[in-house]
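Input: a single structure, listed below in structure tokens.
The values are calculated or read from the model by the stated rules, or taken from the named source; none is laboratory data. Predicted model, so just to flag it, every value in this text is computed and none were measured. Every residue, glycine as well, gets a Cβ built from its backbone with ideal geometry; the counts of neighbours run over all protein chains shown. Just the protein is used for accessible areas: all its heavy atoms, side chains included, with ligands, DNA and RNA removed. Shrake-Rupley method; radii C 1.70, N 1.55, O 1.52, S 1.80 Å.
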Number of protein chains: 2
Amino acid sequence: VSLSALEAIPLAGLPEVDAGADLGQLIAAAEPGLRHGDVVCVAQKIVSKAEGRRRDLCDVVPGAEAQALSARTGKDPRVVQLILGESARVIRAEPGVLIVETHGGLVCANAGIDLSNVPGADTALLLPEDPDASARRLRGCLRTLCGVTAAVVVTDSFGRPWRLGQSDVAIGCAGIHPLEDWRGRRDRDGRELAAAMPAVADQIAAAADLARDKVAGLPVVILRGLERLVMKDDGPGAAALRRPPTDDLFR
Amino acid sequence: VSLSALEAIPLAGLPEVDAGADLGQLIAAAEPGLRHGDVVCVAQKIVSKAEGRRRDLCDVVPGAEAQALSARTGKDPRVVQLILGESARVIRAEPGVLIVETHGGLVCANAGIDLSNVPGADTALLLPEDPDASARRLRGCLRTLCGVTAAVVVTDSFGRPWRLGQSDVAIGCAGIHPLEDWRGRRDRDGRELAAAMPAVADQIAAAADLARDKVAGLPVVILRGLERLVMKDDGPGAAALRRPPTDDLFR
């Protein structure tokens with residue numbers, strides 16, 4: 001016996017995204033059948049591209065701190081300079097590893113900056129400046145263009161301490177509370193729920209990534225079956241997922 | 001335009017699981033339509049129950065180390081004693097927080113022990129002794145009973161440093177490699193993949209949890225559409241997700 005399923009549907013037919021692209025229009029054109037309660041998961045990469053966050057490494061002049069961190073980590077000093085520009089502080093710097101806290105409060109490797117090593121065109125792609133604002137804007141566009149109340153989650157792949165590999169997390173969201181609150185509820189054994197606040201936005205990002213063929217480059221995945229989580233308001237955004245530094249034992 | 005979807009289907013009709021229960025038979029009876037390539041996600045709770053991992057707190061005598069850690073964390077000294085029995089070492093102990101590395105190499109709060117506070121019957125539920133072995137056994141049963149090659153993932157909810165809330169991860173698996181290896185592959189921009197080793201078993205656990213209604217207590221979720229990941233062999237298990245301590249900056 002099975003209940004109603006959750007579906008994750010990768011969106012085909014999305015064109016290459018360039019700076020200035022209107023993601024709402026591109027997604028609405030690729031998926032005319034968007035429904036109320038859908039959760040539209042968008043890979044950070046295309047949000048950053050649309051928002052003009054590409055940087056040419058030739059234009060970057062590394063300062064003294066970047067030079068020192070480059071020596072320590074073995075990373076390109078120009079890339080380190082870009083990372084420092086996006087960071088409030090360095091959490092760990094070791095050979096091959098540079099983990100920072102971004103101005104937006106994300107703790108991640110390399111401030112989330114991706115590199116392109118196409119010969120002769122070394123570029124870096126920064127995270128969106130405010131991924132929650134990006135999600136809100138895109139949600140507003142989809143509401144206007146498709147006439148539906150959907151949620152939007154902007155996803156990126158983060159490594160984790162203690163566990164190998166990467167998992168996608170929500171760096172921005174709108175129309176969904178990133179934490180579901182079950183505190184005080186009990187399961188059918190009368191046991192307090194061990195996971196009282198599931199980080200549903202992060203779990204949504206992980207589910208979307210599973211459905212995606214990375215090489216084919218399918219940056220948008222629609223999750224259907226999570227209507228219970230989709231709100232009329234934009235909500236607090238993925239900012240609500242940030243553990244306050246005072247409450248964090250690993251920073 | 002949408003491609004083939006990933007589906008997460010919670011399984012209804014599973015009875016209460018007691019010590020000694022045959023999970024394979026229970027799941028095969030509840031889902032006679034199990035298919036080749038399905039991924040059967042099973043919450044740790046019912047695996048632990050079936051394996052007799054419930055402990056009565058009345059039977060636990062806390063030693064000196066448990067008493068000291070109880071004073072520091074504010075946790076019940078009997079619970080701390082159980083946690084220490086499951087742990088290779090303590091990673092952090094602060095008021096309200098006890099993070100350990102289990103004998104099995106998992107870094108998590110309280111050694112993954114859940115508590116039941118039913119008045120007069122305080123019990124604790126330990127993690128399965130070897131969740132990869134649990135997954136392999138269950139997979140073998142499902143192969144025999146249903147005649148299909150499915151994968152099994154044993155899931156639990158873990159907190160994360162830096163981010164609030166919990167996300168489900170894979171503590172055991174069989175029939176799937178927990179890490180997909182895209183190292184050296186490039187996306188259609190020619191960019192090296194930023195997430196070269198997606199922790200697919202953890203992402204599977206997260207997707208399964210999203211599909212589950214916690215209060216209804218639906219501990220089994222079937223993921224369909226991940227045939228590409230399901231192998232004939234049992235594979236290395238979730239043990240392959242453990243970051244070696246020498247490679248870990250946060251332990």
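For the condition out of contact with any helix residue (DSSP H, G or I) (no Cβ under 8 Å at 6 or more places or on another chain) and among the aliphatic types (A, V, I, L, M), what is the one hit in B:Leu82, B:Leu127, B:Leu26, B:Leu115? Lay out the reasoning, then the answer.
Details: B:Leu82 fails: out of contact with any helix residue (DSSP H, G or I) (no Cβ under 8 Å at 6 or more places or on another chain); B:Leu127 fails: out of contact with any helix residue (DSSP H, G or I) (no Cβ under 8 Å at 6 or more places or on another chain); B:Leu115 fails: out of contact with any helix residue (DSSP H, G or I) (no Cβ under 8 Å at 6 or more places or on another chain).
Of B:Leu82, B:Leu127, B:Leu26, B:Leu115, the one residue that is out of contact with any helix residue (DSSP H, G or I) (no Cβ under 8 Å at 6 or more places or on another chain) and among the aliphatic types (A, V, I, L, M) is B:Leu26.
Pull up the range A:1-32, narrow it to residues that are open to solvent by 70 Å² or more (accessible area, probe 1.4 Å) and either in contact with a His (Cβ under 9 Å, 6 or more places away or on another chain) or facing chain B (nearest Cβ under 7 Å) (or both), then point me to the one that is farthest from A:Ala206 (Cα to Cα).
A:Val1
Could you list, in sequence order, all residues of the range A:221-235 that are in contact (Cβ under 8 Å) with a residue 60 or more places away in the chain and open to solvent by 20 Å² or more (accessible area, probe 1.4 Å)? Outline the logic, then answer.
Of all residues in the range A:221-235, those in contact (Cβ under 8 Å) with a residue 60 or more places away in the chain come to A:221-227, A:229-232, A:234-235.
Scanning the range A:221-235 gives A:Arg224, A:Gly225, A:Glu227, A:Val230, A:Met231, A:Lys232, A:Asp234, A:Gly235.
In the range B:119-158, which residues are open to solvent by 40 Å² or more (accessible area, probe 1.4 Å) and modelled with pLDDT under 95?
Answer for the range B:119-158, where residues must be open to solvent by 40 Å² or more (accessible area, probe 1.4 Å) and modelled with pLDDT under 95: B:Pro119, B:Gly120, B:Ala121, B:Asp122.
Please tell me if B:Ser116 is touching a Lys or Arg at 6+ places or on another chain (Cβ under 8 Å), hydroxyl-bearing (Ser, Thr, Tyr), buried (at least 17 other Cβ atoms within 10 Å of the Cβ) and without any contact (Cβ under 8 Å) to a residue 24 or more places away in the chain.
On the way: touching a Lys or Arg at 6+ places or on another chain (Cβ under 8 Å): yes; hydroxyl-bearing (Ser, Thr, Tyr): yes; buried (at least 17 other Cβ atoms within 10 Å of the Cβ): yes; without any contact (Cβ under 8 Å) to a residue 24 or more places away in the chain: yes.
Criteria met by B:Ser116.
Mind listing whichever residues of the range B:197-220 are touching a residue at least 60 places away in the same chain (Cβ under 8 Å) and either in a loop (DSSP other than H, G, I, E, B) or among the β-branched types (Val, Ile, Thr) (or both)?
B:Ile204, B:Ala211, B:Arg212, B:Asp213, B:Leu218, B:Pro219, B:Val220, listed by residue number.
Given the criterion open to solvent by 30 Å² or more (accessible area, probe 1.4 Å), touching a strand residue (DSSP E or B) at 6+ places or on another chain (Cβ under 9 Å) and closer than 22 Å to B:Leu127 by Cβ, identify the matching residue among B:Arg35, B:Arg55, B:Arg72. So that I can check it myself, show each step before the final result.
Working: B:Arg35 fails: closer than 22 Å to B:Leu127 by Cβ; B:Arg72 fails: closer than 22 Å to B:Leu127 by Cβ.
When all the criteria are applied, what remains is B:Arg55.
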